[in-house]
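Okay, so here's the structure we're looking at.
Where a number appears in this text, it was derived from the coordinates with a stated rule and is not lab data. Only a predicted model underlies this, so the values are computations on that prediction, with no experimental measurement involved. Cβ placement follows ideal geometry from the backbone for every residue including glycine, while neighbour counts extend to all protein chains displayed.
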Amino acid sequence: GDSVTQMEGPVTLSEEAFLTINCTYTATGYPSLFWYVQYPGEGLQLLLKATKADDKGSNKGFEATYRKETTSFHLEKGSVQVSDSAVYFCALILLKAAGNKLTFGGGTRVLVKP
Amino acid sequence: DAGITQSPRYKITETGRQVTLMCHQTWSHSYMFWYRQDLGHGLRLIYYSAAADITDKGEVPDGYVVSRSKTENFPLTLESATRSQTSVYFCASSDRTGLGEQYFGPGTRLTVT
C-alpha cells in the first residue's frame, strides 16, 4: 500500500541553523505531496505542497522539491527560528484517492533553541 | 466564527461511559475527517465522510461511531470509552477541489480513567 517515511526526531537545532527533514514515499500511482506543520497545542496546518514531479513547494522560508526519481520530498529551511519549533508531517494523496484521504508520515519533532 | 471548531477542548471521562466529541465547520466543505494522535503512532484516521449521510471507516474505527446529518457537523461518539481511547482527537475538513488540502480543528484532549 501507499506509505510515507520520515526521519525520526526529535531534531534539535540552534537558531539560524539549516534544517532538513527527509521524507520518502511509496505509492502505486503519481501522488501529490504535502508538508503539514503542527505548532504546540494546535491542529495541523498545510505548509506547502507539490502536485507533480520537479515541482517545488515553498512557504514561510520552507521549501521542498518533488523528486520522482528518488521518491522523495525533503523539507528544507535555510535559517530556522525558535518559532519554527513544531512537529512536521509529510503526506501524500493519489489523484483518485477515495474520500480525499491523506497518507501521513509519522511526524518529525523539531526543536529550535535560541 | 468562520473555520473549524471542536468541543470540548478537554474531557475527562470514566471507562464505560459514552462520550461525544463535536466538530463544526463553516465552509460547507464536502469532506470531513476524524483522526487520533498518539505518541509513537502519529496521526491515524478513524472515520471520514464525503458528504452528508455518507461516512466510511478509516484505519482505526473500532469503538467509535460517527454521523453526519448536516454538512457542517461531524460528531464522533465513543459508545463505551476505554483507556486505550485516551488520545488527542482532531477533526478536519476539505473541499472537493482542494485535493489533499485539509483544514484541522484545534483538537480535543480526551482522558479516559
Problem - Dipole of region A:1-108, positive end: most advanced residue of A:18, A:93, A:36 [Cβ charges, Cα centre] - result: A:93
Fill in the blank from the handout: Taking the square root of 5λ for each eigenvalue of the C-alpha gyration tensor of region B:1-61, the equivalent ellipsoid has semi-axes, largest first and in whole angstrom, of 21, 16, 13
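So if I place +1 on the C-beta of Lys and Arg and -1 on the C-beta of Asp and Glu, and nothing else carries charge, what would the dipole magnitude of chain B be about its Cα centre? I want it in debye, nearest 20.
Charge dipole, chain B, about its Cα centre: 260 debye, nearest 20.
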Problem - For the protein assembly as shown, average projected area of the Cα convex hull in nm² - result: 12.4
Exercise for the section: Find how many whole Å separate the alpha carbon centroid of region B:23-75 from the alpha carbon centroid of region A:28-60. Expected result: 21
Problem - Point-charge dipole on Cβ atoms (K/R +1, D/E -1) for the protein assembly as shown, about Cα centre, debye to 20 - result: 240
Problem - Per-residue HN-Hα couplings for region B:86-92 [Karplus 6.51, -1.76, 1.60; θ = phi - 60°; Hz; x = Gly/Pro] - result: 4, 5, 9, 10, 10, 9, 9
Exercise for the section: Compute the relative contact order of chain B as a whole-number percentage, counting only Cα pairs closer than 8 Å that sit 6 or more residues apart in sequence. Expected result: 35
Exercise for the section: Quick one: compute the contact order of chain A, relative version, from alpha carbon pairs under 8 angstrom and 6+ residues apart, as a percent. Expected result: 37
